[in-house]
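**Q** Starting off with a structure, shown below.
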Amino acid sequence: MRVIPALEHRAAPRTVEPTVGLPDALLDPAAFRQPPASVELRETQISWVFLTETTAYKIKKPVRLPFVDYSTLERRRTCCHAELELNRRFSPGHYREVVALVPRGHDGLAVASERDPRAVEYAVVMDRYDDSATLNAQLAAGRATEADLIAVGATVAGFHAASGVEVDADSSALVAVLDETLTTLRRVGCPMGRLAELARFCGAALAGFGPELTQRAKAGRVRDGHGDLRAEHILLGTDVQAIDGVEFDRALRVADVGYDLAFLIMDVARHDDDLARALLRGYRSAAGDPGSEGLVAFMCAVRALVRAKVDFLRAAQLEGAAADDRSARAHELLEVAERFAWRARLPRVVCVTGLAASGKSTLAEALAAAAGRSVLSSDRIRKLRAGLDPYERAAPSAYGDGESQAVYAELGQRAATAVQRDGGVVVDATFRRASDADAFAAASHVAAAAAWVVCEAPPQVLLERAKARERHGSVSDAGPTIVALELATYRGAFQAPASPVARLDTTRTTGALLADLACALDTRLQASAEAVVVHDRVRRTEA
């Protein structure tokens, strides 16, 4: 496939002259070759789209903005042709032709051949699609299915496989996008505390995933893609199609295929995490390679930050309810970015452990909610195996060595299933005995890569918590007697089965614990890149 060259950025005039008659002139059905019964106008920041019963005419506004230059008629004509050719890759039957608009009467316009020398404007002609056929509409209506998203993922993988490879690619473009996005967010009203944590994560992720990004570029994973894969740009049907790819800036299209896909994953995840995972499965099933789970999550976080930036900027230009709506969506996108940041920094399995009443379950639930993961609890599995309600007390036999090993083996099996289905899981268990960890590891191929988080609190706090839950009921059967026994057994600090990434004092708020854990995991993520560098140096020395 021929690679579409970048548009040359020549100096544009200081003022941009509007096209006489637009947009009103094209609301007259007489402007069209076969006059329709009615004409509908839809407007974006950079275009007008005129809709008849069967056809759409897209006209680029004569504007010059920081991200697009449509300031001259010739540039708009060139961009019309670029849009036609680029988008035929993703939707071959949808894009028809480029036409001219010529003067008609005193102040009217008419559609004419592109070659007409009287042309005062140009338009891309497309088939009109049913709005309800977009993925965005199906998601909003709750009608999108996993099968739909698997098909979309497979189709996007096919698009990427057929796209041109960027030979001299690296991660510098992603670095530039992040730098500009974070700089803009600092000045448009983004909460500084949240932004500081997100900026720290992004720095750690760029370092941690840097070697993978470099290797992917060398392997041809940087392609001339779509650039704006949002749910509203996906048409469902017998053949999935994508529309409205970026034509005005090649730099926005050329990216790691995972980053191109990440826009759509992020957009779908705003509606339904399970459907977003189905989209990713569909992409992988069609031999698409978007990168590791962590890298994909990082790229989704970046996409969410970029969209939040756009909405913060747009909110500043609007007033009243419209401004409030945009601002609310920007804050929602920050939450999406934070959720994907957790997924990127977390290994596939996180085991939250510690003595009874140390706050394991509270932290595990909060961590799972932050990352959009499920929680597996040894207490709940134990009760399930005994045929009990979670809040019923189990007999002593449920805590014998043999049954405990069976509980931890099932915990390992369920963890492996959750990782395969969802990409990750949070495990809530004490792992009191070495045999517990052995049973868990033997049943789960993902246990070796687990990260361990130890919850701690002063002895008196543990005893008071145990007394309180004995009064009010709890999934855990460990009362004050068990806590006292554990305290006597572990005279020093509780020892996890492996070196923990963090030891957390759970007398503090859950929010503070999550903040400390995020910081520890970001440090771990950054250190992983440094370890790769050291390994490469040693390997080269030995060679």
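The values are calculated or read from the model by the stated rules, or taken from the named source; none is laboratory data. Worth saying up front: this structure is predicted, and the values here are computed from it rather than measured. As a convention, Cβ positions derive from the backbone with ideal geometry for all residues, glycine included, and neighbour counts pool all protein chains shown.
**Q** Of R250, R230, which residue is of a type outside the set (S, T, Y), under 15 Å from the mean Cα position of the chain (by Cα) and surrounded by fewer than 22 Cβ atoms within 10 Å (Cβ to Cβ)?
**A** Numbers: R250 fails: under 15 Å from the mean Cα position of the chain (by Cα).
After applying the criteria, what remains is R230.
**Q** Right, here's the next one. Quick one: how many residues across region 410-437 are in contact (Cβ under 8 Å) with a residue 12 or more places away in the chain, out of contact with any Ser or Thr (no Cβ under 6 Å at 6 or more places or on another chain), within 28 Å of D273 (Cβ to Cβ) and assigned to a helix (DSSP H, G or I)?
**A** Number satisfying all stated conditions: 6.
**Q** So which residues in region 26-59 are in contact (Cβ under 8 Å) with a residue 40 or more places away in the chain and touching a Ser or Thr at 6+ places or on another chain (Cβ under 7 Å)?
**A** F32, K58, I59
Residue-wise test of (1) over 22 Å from P497 (Cβ atoms); (2) out of contact with any helix residue (DSSP H, G or I) (no Cβ under 6 Å at 6 or more places or on another chain); (3) buried (at least 19 other Cβ atoms within 10 Å of the Cβ); (4) of a type outside the set (D, E).
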{"residue": "A364", "(1), (2), (3), (4)": "no, yes, yes, yes"}
{"residue": "S377", "(1), (2), (3), (4)": "no, yes, yes, yes"}
{"residue": "R382", "(1), (2), (3), (4)": "no, no, yes, yes"}
{"residue": "P390", "(1), (2), (3), (4)": "yes, no, no, yes"}
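**Q** Next up: Among residues belonging to region 183-219 that are out of contact with any strand residue (DSSP E or B) (no Cβ under 8 Å at 6 or more places or on another chain), crowded, with 19+ Cβ neighbours inside 10 Å and over 15 Å from L525 (Cβ atoms), point out the one that is modelled with the lowest pLDDT.
**A** Among those residues, the one meeting the criterion is C190.
**Q** Also: Can you tell me which residue within region 116-169, out of those that are among the basic types (K, R) and touching a residue at least 12 places away in the same chain (Cβ under 8 Å), is surrounded by the most Cβ atoms within 10 Å (Cβ to Cβ)? Outline the logic, then answer.
**A** Residues of region 116-169 that are among the basic types (K, R), as a first pass: 118, 128, 143.
Retained after the next criterion (residues that are touching a residue at least 12 places away in the same chain (Cβ under 8 Å)): 118, 128.
Working: R118: 11, R128: 15.
Among them, the one singled out is R128.
**Q** Okay, moving on. Just one of A123, A82, A140, A110 is farther than 25 Å from R64 by Cβ, under 34 Å from the mean Cα position of the chain (by Cα) and not polar (S, T, N, Q); which is it?
**A** Details: A123 fails: farther than 25 Å from R64 by Cβ; A82 fails: farther than 25 Å from R64 by Cβ; A110 fails: under 34 Å from the mean Cα position of the chain (by Cα).
Answer to the selection: A140.
**Q** Next question, about the same structure. Show the residue pairs meeting these rules: Cβ distance below 7 Å; 6+ apart or different chains; first residue within region 455-466 and in the same structural domain as P480 (by TED's automatic domain parsing) and surrounded by fewer than 16 Cβ atoms within 10 Å (Cβ to Cβ); second residue at pLDDT below 95 and part of a helix (DSSP H, G or I).
**A** If the second residue must be at pLDDT below 95 and part of a helix (DSSP H, G or I), the pairs left are P459/L487.
**Q** Can you name the condition, by its number, that G282 falls short on among (1) within 20 Å of A217 (Cα to Cα); (2) modelled with pLDDT of 95 or more?
**A** Condition (1) is where G282 drops out.
**Q** Moving on to the next point. H81 - would you say it is free of Cβ contacts under 8 Å to residues at least 40 places away in the same chain, surrounded by fewer than 19 Cβ atoms within 10 Å (Cβ to Cβ) and not assigned by TED's automatic domain parsing to the domain that holds D244?
**A** yes
**Q** Among the aliphatic types (A, V, I, L, M) and modelled with pLDDT of 95 or more: is that true of A515 in this structure?
**A** Answer is yes for this residue.
**Q** Just one of R314, R307 is assigned to a helix (DSSP H, G or I) and modelled with pLDDT under 95; which is it? Outline the logic, then answer.
**A** Working: R307 fails: modelled with pLDDT under 95.
Criteria check complete, one pass: R314.
**Q** Can you name every residue in region 347-362 that is outside any strand (DSSP E or B), out of contact with any helix residue (DSSP H, G or I) (no Cβ under 6 Å at 6 or more places or on another chain) and at negative phi?
**A** At the first step, the residues of region 347-362 found to be outside any strand (DSSP E or B) are 347-348, 355-362.
Filter again for out of contact with any helix residue (DSSP H, G or I) (no Cβ under 6 Å at 6 or more places or on another chain), leaving 358-362.
Within region 347-362, S358, K360, S361, T362 qualify.
**Q** Do you know which residues across region 394-439 are surrounded by fewer than 16 Cβ atoms within 10 Å (Cβ to Cβ), over 19 Å from T489 (Cβ atoms) and out of contact with any helix residue (DSSP H, G or I) (no Cβ under 9 Å at 6 or more places or on another chain)?
**A** A395, G402, T417, Q420
Here is a yes/no grid of residues against (1) charged (D, E, K, R); (2) assigned by TED's automatic domain parsing to the domain that holds P66; (3) modelled with pLDDT under 95:
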{"site": "A231", "(1), (2), (3)": "no, no, no"}
{"site": "I234", "(1), (2), (3)": "no, no, no"}
{"site": "D239", "(1), (2), (3)": "yes, no, yes"}
{"site": "L252", "(1), (2), (3)": "no, no, yes"}
{"site": "L261", "(1), (2), (3)": "no, no, no"}
{"site": "I265", "(1), (2), (3)": "no, no, no"}
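**Q** Conditions: (1) under 31 Å from the mean Cα position of the chain (by Cα); (2) within 23 Å of R469 (Cα to Cα). A370 meets all but one. Number of the miss?
**A** A370 satisfies every listed condition except (2).
**Q** Given the criteria surrounded by fewer than 22 Cβ atoms within 10 Å (Cβ to Cβ), part of a helix (DSSP H, G or I) and either in contact (Cβ under 8 Å) with a residue 60 or more places away in the chain or touching an Asp or Glu at 6+ places or on another chain (Cβ under 7 Å) (or both), does R326 qualify?
**A** Against the criterion (surrounded by fewer than 22 Cβ atoms within 10 Å (Cβ to Cβ), part of a helix (DSSP H, G or I) and either in contact (Cβ under 8 Å) with a residue 60 or more places away in the chain or touching an Asp or Glu at 6+ places or on another chain (Cβ under 7 Å) (or both)), R326 qualifies.
**Q** Can you pull out the residues in region 22-60 that are β-branched (V, I, T) and under 16 Å from E83 (Cβ atoms)?
**A** Of all residues in region 22-60, those β-branched (V, I, T) come to 39, 44, 46, 49, 52, 54-55, 59.
Those that are β-branched (V, I, T) and under 16 Å from E83 (Cβ atoms): T44, I46, V49, T55, I59.
**Q** Looking only at region 185-227, count every residue that is β-branched (V, I, T) and under 20 Å from the mean Cα position of the chain (by Cα) and tell me the total.
**A** Here the count works out to 1.
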